[in-house]
Amino acid sequence: MFTKVYNISDDKEVTLTAYIPDISEEMKNMNVKPAVLILPGGAYKFCSDREAEPIALAYLAKGFNAFILRYSLNEKAAFPTPLNDAKEALDFIRNNAKSFFTNPKKIAVVGFSAGGHLAAALSAMSEKKPNACILGYPCILDSTSPILAKPVESVDKYVTSQTPPTFIFAASNDGCVPIINSLKYAEALDENNVSFEMHIFSEGDHGFSLGTDVVCSSEAGQKVCKPNTYWLDRSAEWLKKLFS
């Protein structure tokens, strides 16, 4: 597997990490793959490791190339700076798609929590959009601003018919980012006739990531949520059907 970290901004803390599986003559149909651009959560204060490499490796196992963007944080997190980072990352992947063995027309953005806000912004506010969007317990509304490093706009109001198909998952008992954030984004997608799929789990609270003991620690107050692990398999199936 090829792995490399790229600086895509004047800010050296903004990086894009590529995970590209080896090409094999035994698997000719996997020489050019779809890809996921992963935006970890962390309230625009940090990028959660729990929503970074474990997610990339999980999608690699499903037949996707993977990229992790560590975007502008804290004092640098005021919009549009993080959005510009995401745009640069998407352009970088598409412009180098041949060397990454990636189909430039089959790139999905995958965002969690604050990274979900950024993923939704890339999908709804940017002229150059990903081909699909996956949102995990996303911050969508400006009412989440108090928990974030910088105030944000409500992204749902930017949804149009040009917003890419979207997959949303979250927990109804989320005590950090209320489920209304996911519901409002789904409502905006529906109003604009954008295809979407949504899974609301009864448990999991916030930040359950893959829901496995690899990423969840009882010492950190995180519960293993085995039923919630379904989102990964289902999102991969959804993407493959969309990209077929």
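For the reader, a short list of remarks on this structure follows.
- Of the listed requirements (1) out of contact with any Asp or Glu (no Cβ under 6 Å at 6 or more places or on another chain); (2) outside any helix (DSSP H, G or I), residue 84 misses just one: (2).
- When the stretch 32-45 is filtered for residues that are open to solvent by 20 Å² or more (accessible area, probe 1.4 Å) and in a strand (DSSP E or B), only 34 remains.
- Selection of the stretch 109-125 for residues being within 11 Å of the chain's Cα centre (by Cα) and part of a loop (DSSP other than H, G, I, E, B) yields only 113.
- Residues of the stretch 126-148 classified as under 16 Å from residue 39 (Cα atoms) and either in a loop (DSSP other than H, G, I, E, B) or not small (Gly, Ala, Ser) (or both), total: 12
- Test: residue 89 is in a helix (DSSP H, G or I) and either open to solvent by less than 60 Å² (accessible area, probe 1.4 Å) or of a type outside the set (S, T, N, Q) (or both): yes
- Residue match in the stretch 176-190 (condition: in a strand (DSSP E or B), without any contact (Cβ under 8 Å) to a residue 60 or more places away in the chain and touching a Leu at 6+ places or on another chain (Cβ under 8 Å)): no
- Residue in the stretch 179-197 that is of a type in the set (Val, Ile, Thr), surrounded by 23 or more Cβ atoms within 10 Å (Cβ to Cβ) and either out of contact with any helix residue (DSSP H, G or I) (no Cβ under 9 Å at 6 or more places or on another chain) or modelled with pLDDT of 95 or more (or both) present: no
- Scanning the stretch 46-80 for residues that are polar (S, T, N, Q) and either buried (at least 17 other Cβ atoms within 10 Å of the Cβ) or outside any helix (DSSP H, G or I) (or both) yields 48, 65, 72.
- Residue match in the stretch 224-234 (condition: open to solvent by 50 Å² or more (accessible area, probe 1.4 Å), touching a residue at least 40 places away in the same chain (Cβ under 8 Å) and part of a loop (DSSP other than H, G, I, E, B)): no
- Scanning the stretch 6-31 for residues that are open to solvent by 90 Å² or more (accessible area, probe 1.4 Å) and either in contact with a strand residue (DSSP E or B) (Cβ under 9 Å, 6 or more places away or on another chain) or farther than 30 Å from residue 145 by Cα (or both) yields a count of 7.
- Output for the stretch 198-223, where each listed residue is acidic (Asp, Glu) and open to solvent by less than 80 Å² (accessible area, probe 1.4 Å): 205
- First in the stretch 30-59 and on the phi > 0 side of the Ramachandran plot, second anywhere and part of a strand (DSSP E or B) and at pLDDT 95 or above, Cβ under 6 Å, 6 or more apart: none
The values are calculated or read from the model by the stated rules, or taken from the named source; none is laboratory data. Just so it is clear, the model here is predicted, and its values are computed rather than measured. Neighbour counts run over all protein chains shown; Cβ positions are idealised from the backbone, glycine included. The area values use the complete protein model at the heavy-atom level, side chains included, leaving out ligands, DNA and RNA. Shrake-Rupley method; radii C 1.70, N 1.55, O 1.52, S 1.80 Å.
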